[in-house]
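Take a look at the structure below.
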Amino acid sequence: MNSLQLDIRHITEIISKEEIRTLYPEAMKHRMALLDKTGKGSDFLGWTDLPAKINAVEIEKIEKLARHWKKNMDAVVLVGIGGSYLGARFVIEALSHTFAGEVPGGKSPRILYAGQNISEDYLHDLLEVLSGKSFGLTVISKSGTTTEPALAFRILKNELVQRFGKKSLSDRIIAITDAHRGALRKMAEKEGYHTFSIPDDVGGRYSVLTPVGLVPIAMAGFEIKSLLEGAGLMMQRCDTEQNIEDNPAALYAIARNLLYRKGKRIEILVNYEPRLHYMAEWWKQLFGESEGKEGKGLFPASVDFTTDLHSMGQYIQEGERHLFETVLSVSKPRHRVEVPVDENNLDTLNYLAGKRIHEVNEMAEMGTTLAHIDGGVPNIRIIIPEINEATLGQLIYFFEMSCALSGYLLGINPFNQPGVEAYKKNMFALLGKPGYEKEGEELRKKLE
Ligand code: PA5
């Protein structure tokens, strides 16, 4: 299997090998705390060995349902937010045809998304797209009570009832939620949906290798076993204390922490492949929600290059020097497109004739990296041999493990998200949810 590589040559101007080696024993101590479950947030460490705990019966159940839905559905709406949505979307978008909606006669149902915002226009337009289509819902919520997906689910379920009758719900809805608790579990049992459980000890943003990610990814027609195998390979690679060079997750966690300590407060995840856009969205949630606590944490940002070189490029090159970049560098594209010769050469591009577009993209990446290093923006490179299920599985485990180690190096609990509650409390109070009357009054006074 082609494996990911980590290249940290371009941070060595400000971080020495000695500094990296010095922090390695501490990272290994945190690794032991993860494995022994003695560190902060130790109730949420079920993700650490998920690839080794593959449940063949569950995988078969997922694949069987995916085959059945493929035959019967034109579209599947994935309803969820945050960790209950981003992992699946990142893998599906990375593996799908760039213009999936435009390709006639696709083999799998079209995957659409809801419950990740509260926009009325979004829901209206989604209902319009679904009209005339046979569709199903995969609703994902660990708590079973998150407002955004609960609202979207109510509306979409109502649409199913209107169009296909109440009896259709048991065939057309898959609920992925807590095994025992929450409103969604209760509804699923009462109305007879297909169900999958989210393990108690796996938090939302670490859940892509549970049914939370596996069901939608299988629905979209991709190989979930390969994804898990890839993650398993990375799990083995990260299971070493011998040599820091052999443990990519520890090396990345140490490198980004050292950069942070030297004043690099913003990490920008860079891609040169549009299909990796949602991978960055998943990565931002993973690191932002895990590390942004107690007044600490790198701010995770992302750019799509070369597109954003024409918007953010100026700032990165010459703005405030509090940045470093982590570049997702894909070695091999899936398809071949060459630059043709043009007889008149009015665009003066004939010097590129016969070259592959990917070669031009690679030179753009190299040129940009060198320019940014010269401009004081250090650079970590993650080399991805090609984009497929196995390499994405490796990336998932790599980032999850490095995020956990990085959070422990920072001294925070990378597995909770207490700060997410603040906006919810205010929203409930302003909407008049029973029990929030006093808070509502106080907030309205502030708004006057
Ligand atoms: O990572 C997390 O825990 C969060 O982003 C949750 O996934 C998100 O808030 C959705 O929660 P739930 O699955 O309970 O609806």
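Work out how much length ARG21 to LYS166 would gain on full extension: take 0.36 nm times their residue separation and subtract the Cα-Cα distance, in nm to one decimal. Gain on extension, ARG21 to LYS166, equals 46.0 nm.
Rounded to two decimals, the Cα radius of gyration of the stretch 108-204 over 2.2 N^0.38 Å is 1.06. Spatial offset of the stretch 264-307 relative to the stretch 115-140 amounts to 27 Å, using the alpha carbon center of each. Under the simplified labelling scheme, the LYS355-SER119 pair shows an inter-label distance of 3.7 nm, with each label point 7 Å from Cα along Cα→Cβ.
For the stretch 172-236, calculate the relative contact order in percent as a whole number, restricting contacts to Cα pairs under 8 Å that are 6 or more residues apart. The partial results should precede the final answer.
Working: 53 pairs, mean separation 16.1, N = 65.
Reported as a whole number, the value is 25 percent.
Computed over protein heavy atoms with a 1.4 Å probe, the carbon and sulfur contribution to the accessible area of the stretch 48-225 reaches 52%. In this entry, the chain is assigned a mean projected area of 25.5 nm², taken as a quarter of its C-alpha convex hull surface. A Gaussian network model of the chain, with springs between Cα atoms under 10 Å, assigns the largest mean-square fluctuation among ASP125, ASP43, ASP347 to ASP347.
Between THR147 and ALA371, residue separation times 0.36 nm minus the direct Cα-Cα distance comes to 76.1 nm. By DSSP, the beta bridges lying fully in the chain are antiparallel in about 10 percent of cases. Heavy-atom surface analysis with a 1.4 Å probe gives the stretch 348-396 a carbon and sulfur content of 61 percent of its accessible area.
In nm, to one decimal, how far is the ILE155 label point from the ARG9 one, both placed 7 Å along Cα→Cβ? Going by the 7 Å Cα→Cβ label model, 5.1 nm.
Look at the Cα gyration tensor of the stretch 314-398: its axes a ≥ b ≥ c give a/c of at least 1.5 with a/b at or below b/c, and that counts as oblate. Computed over protein heavy atoms with a 1.4 Å probe, the accessible surface of the chain works out to 48 Å² per residue.
Considering only GLU289, GLU400, GLU18, the mean-square fluctuation computed in a Gaussian network model of the chain, springs between alpha carbons under 10 angstrom, is largest for GLU18. With a cut-off of 19 Å on the backbone N, the residues of the stretch 365-389 near the modelled label site 7 Å out from LYS332 along Cα-Cβ are 382-389. Coordinate range of the alpha-carbon atoms in the stretch 1-89 per principal axis, descending: 59, 33, 30 Å. Computed from label points 7 Å out along Cα-Cβ, the spacing between ALA422 and ALA179 is 3.5 nm.
Say R0 is 22 Å: what FRET efficiency, to the nearest 0.05, do THR195 and GLU128 get from their beta-carbon distance?
Working: r = 29 Å, r/R0 = 1.33.
In this case the efficiency is close to 0.15.
In the stretch 48-225, the C-alpha radius of gyration followed by the widest Cα-Cα span (Dmax) gives 15.0, 43 angstrom. Within the stretch 330-381, the GluC sites (Glu not before Pro) that combine a DSSP coil assignment with at most 16 other C-beta atoms in a 10 angstrom radius are GLU343.
The values are calculated or read from the model by the stated rules, or taken from the named source; none is laboratory data. Worth saying up front: this structure is predicted, and the values here are computed from it rather than measured. No Cβ is skipped: glycine too gets one built from the backbone with ideal geometry, and neighbour counts run over all protein chains shown. Accessible surface areas use protein heavy atoms only, side chains included; no ligands, DNA or RNA. Shrake-Rupley method; radii C 1.70, N 1.55, O 1.52, S 1.80 Å.
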